[in-house]
Amino acid sequence: MNIDYWIAHFRRNGIERPEPDWDAPLDLQGKRLAKLTRSIQQFQLGDGGGPAYLIAWNRESLLTSDPGIHTLVDLWFAEEVEHSRLLGVMLARLGGRPIDNHWSFGLFCGLRKWLGVGFELYALLLTEIVSHVYYKMLHRHGGDEALRGMCRLIIRDEAGHIAFHRARLASDGRHKGKRYGRLWEALFRLRGLTAGTVLWINHRGALVALGATDREFYSTIWRDMGKFIAGLREDVVRNLGADASLSIKQECKTEVC
Ligand SMILES: [Fe+2]
Ligand SMILES: [Fe+2]
């Protein structure tokens, strides 16, 4: 993988980040406000608010595999910490208080810790794909200016994270002769649907209250997984850096950034 390209990407992404308009009038009340507050509370913990780093028992095997990889992982997780900050300000705007544990986050961290760094990277990637859909739906249905501004920043960052994982897996595919065939795809989609369902169990109330639907959520995560798989298979045989950069720009253009 072109580590220098990705380090430059993360540094570039750290500039021109307009702060959401936190002082804009808040037009949310009643059940919609209460459900959104609970949802943001959980995301504030899960998206960079807990142990915002690799926590697998064997993470050193990845971190010491290349001199630049440590820096790259640091930059990736620094963006996750920034998501937690943004979500924390949003939570305060909604009148909510931060939480320090939740069953789904505890389970997520336990699996990452004990099942090793290979599992952890896949778990983080799939969580990023389904969370990306959550933020896109929140942006589409949220109706609050500060919420939309926050979503725009996080959607942009997560598009980069997903493209980074794609580049990583493509590089792995080229070096180890992996083809990412149908069996891999079935397993990938199954794990993605599981991650998506856990997210939906916890956040459906808020998104549906804002006007989203079950069909919208599941069809979007299915489509986004399909886009990821198709892009990965192309990247295995094509120029990595240029394609990844293009994919981030296309994602931002067609979505909301
Ligand atoms: Fe994040
Ligand atoms: Fe991320």
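The values are calculated or read from the model by the stated rules, or taken from the named source; none is laboratory data. Keep in mind that what you see is a predicted model, and the values were worked out from it rather than measured. Cβ: placed from backbone, ideal geometry, glycine included. Neighbour counts: every protein chain shown. The accessibility values were calculated without ligands, DNA or RNA, using every heavy atom of the protein model including side chains. Shrake-Rupley method; radii C 1.70, N 1.55, O 1.52, S 1.80 Å.
Of the residues that sit in segment 88-107 and are free of Cβ contacts under 8 Å to residues at least 60 places away in the same chain and crowded, with 18+ Cβ neighbours inside 10 Å, which one is nearest to MET1 (Cα to Cα)?
Per the criteria, the residue is GLY88.
For segment 30-43, check the following and say yes or no: at least one residue is surrounded by fewer than 18 Cβ atoms within 10 Å (Cβ to Cβ), among the polar types (S, T, N, Q) and in a helix (DSSP H, G or I).
For segment 30-43, residues surrounded by fewer than 18 Cβ atoms within 10 Å (Cβ to Cβ), among the polar types (S, T, N, Q) and in a helix (DSSP H, G or I): absent.
What is the residue count in segment 148-181 for residues that are under 18 Å from GLY192 (Cα atoms), aliphatic (A, V, I, L, M) and away from ligand 2 (no atom under 13 Å from the Cβ)?
Residues that pass the stated criteria total 1.
Counting only residues that are in contact with a helix residue (DSSP H, G or I) (Cβ under 9 Å, 6 or more places away or on another chain), open to solvent by 60 Å² or more (accessible area, probe 1.4 Å) and closer than 26 Å to TYR5 by Cβ, which one in segment 52-65 is nearest to ligand 1 (Cβ to nearest atom)?
Going through the qualifying residues, I end up with ARG59.
Here are the criteria: (1) away from ligand 2 (no atom under 16 Å from the Cβ); (2) over 30 Å from THR213 (Cβ atoms); (3) of a type outside the set (Asp, Glu). Tell me which single one LEU121 does not satisfy.
The failed condition is (1).
Going through segment 124-147 one residue at a time, which ones are outside any helix (DSSP H, G or I) and either open to solvent by less than 40 Å² (accessible area, probe 1.4 Å) or within 16 Å of ligand 2 (Cβ to nearest atom) (or both)?
GLY142, ASP144
Between a first residue in segment 73-87 that is open to solvent by 40 Å² or more (accessible area, probe 1.4 Å) and a second residue that is of a type outside the set (A, V, I, L, M) and near ligand 2 (Cβ under 9 Å from one of its atoms), which pairs have beta carbons less than 6 Å apart while being 6 or more apart in sequence or on different chains?
So the pair list comes out as VAL81/GLY48.
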